[in-house]
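Quick notes on the structure that follows.
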Amino acid sequence: MADHNALPLIILAEKFASLPGIGMKSAQRLAYHVMSMDTAAVEEFAQALVNAKKNVHCCSVCCNLTEREICPICGDAERDHSVICVVETPKDVTAFERTREYSGVYHVLHGLLSPIDGVTPDKLHIKELLARIAKGGIEEVIMATNPTVEGDATALYVAGLLKPLGIKVSRLAFGLPVGGMLEYADEVTLFKALENRNYI
């Protein structure tokens, strides 16, 4: 923001800009919007941030975010606890839950392997996954990491740890999106669509 703006307003905009997906122009708009709010609304907003940070933590079972000791999914006796879907972030759990088709449970890694960025296996919640499996009762682990170099590397690494334990490990199928046009698909997507084809 320009030098003619008040320093606290500049700092506020910079804080907004530090969030993922927020550019400086959007950050400035948010900062000016905060200034248009009444003091009570701003205090409520600030308190919501503090409360979320203080009270939300990792589920002791699946590492998803929750305010309880055990999240509602892990605590649901009607879910299939023999199938674990391994995802990168809590946002991925939300995406699966929106489908209303998956009835198993989850495990959140909170990242993907990336040695270049210093993300090694000990930085992820892999040991917690192994501890869950060691307790028994797990029949399948679905590796639902994104189809990227890091996602594939993480899936292969975890699969390598699980296969000697006699656990069935599967990977999400990737290919053409519903309603997608073949002419607009890239080569990798078309290859994956062929590789993961279903027989009718």
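Taking the Cα centre as origin and putting +1 on Lys and Arg beta-carbons and -1 on Asp and Glu beta-carbons, what dipole magnitude results for the chain, to the nearest 20 debye?
280 debye
Among 29, 100, 171, which one shows the biggest mean-square fluctuation in a GNM of the chain, springs joining Cα atoms closer than 10 Å?
Comparing 29, 100, 171 in the GNM, the peak value goes to 29.
What per residue convex hull volume, in Å³, comes out for the chain when only alpha-carbon positions are used?
Per residue, the Cα convex hull of the chain comes to 211 Å³.
Keeping all protein chains in the complex and leaving out DNA, RNA and ligands, what accessible area do you get for residue 191 with a 1.4 Å probe, in Å² to the nearest 10?
Counting only protein heavy atoms, residue 191 exposes about 120 Å² to solvent.
Roughly how far apart, in whole Å, are the Cα centres of the stretch 86-107 and the stretch 20-44?
One Cα centre to the other: 31 Å.
Between residue 122 and residue 100, what FRET efficiency follows from the Cβ-Cβ distance if R0 is 25 Å, with the result rounded to 0.05?
Efficiency for this residue pair is about 0.10.
Accessible area per residue for the chain in Å², computed with a 1.4 Å probe and the full protein assembly in place, what is it?
67 Å²
Could you state the angle between the C-alpha long axis of helix 149-162 and the longest principal axis of the C-alpha atoms of the chain, as a value from 0 to 90 degrees rounded to the nearest 10?
Roughly 50 degrees, rounded to the nearest 10.
Along the Cα→Cβ direction, 7 angstrom out, place labels at residue 135 and residue 43. What is the inter-label distance in nm?
My value for the distance between the label points is 4.3 nm.
What shape does the stretch 141-181 take by its C-alpha gyration tensor, where a ≥ b ≥ c are the square roots of the eigenvalues and a/c under 1.5 counts as rounded, a/b above b/c as prolate, and the rest as oblate?
Since a/c reaches 1.5 but b/c is at least a/b, the shape of the stretch 141-181 is classed as oblate.
Classify the stretch 20-106 as rounded, prolate or oblate from the Cα gyration tensor: take a ≥ b ≥ c as the square roots of its eigenvalues, call it rounded if a/c is under 1.5, otherwise prolate when a/b beats b/c and oblate if not.
It comes out prolate by the Cα gyration axes.
Taking all protein chains together and a probe of 1.4 Å, list 106, 199 from the most accessible to the least accessible.
199, 106
Residue 119's amide H: which non-local residues (gap 5+, or another chain) put their own amide H closer than 5 Å, with H modeled 1.01 Å from N in plane and none for Pro or chain starts?
Result for residue 119 returns 114.
What nm distance separates the two modelled labels at residue 148 and residue 163, each placed 7 Å from Cα along Cα→Cβ?
Modelled inter-label distance: 2.5 nm.
Output the 0 to 90 degree angle, nearest 10, between the alpha-carbon long axis of helix 7-17 and the longest principal axis computed from the alpha carbons of the chain.
Tilt relative to the chain: about 20 degrees.
The values are calculated or read from the model by the stated rules, or taken from the named source; none is laboratory data. Here the structure is a predicted model, which means the values were calculated and not measured. A quick note on method: Cβ atoms are made from the backbone with ideal geometry, for glycine too, and the neighbour counts reach across all protein chains shown. These area figures cover heavy atoms from the full protein model, side chains too; ligands, DNA and RNA do not enter into them. Shrake-Rupley method; radii C 1.70, N 1.55, O 1.52, S 1.80 Å.
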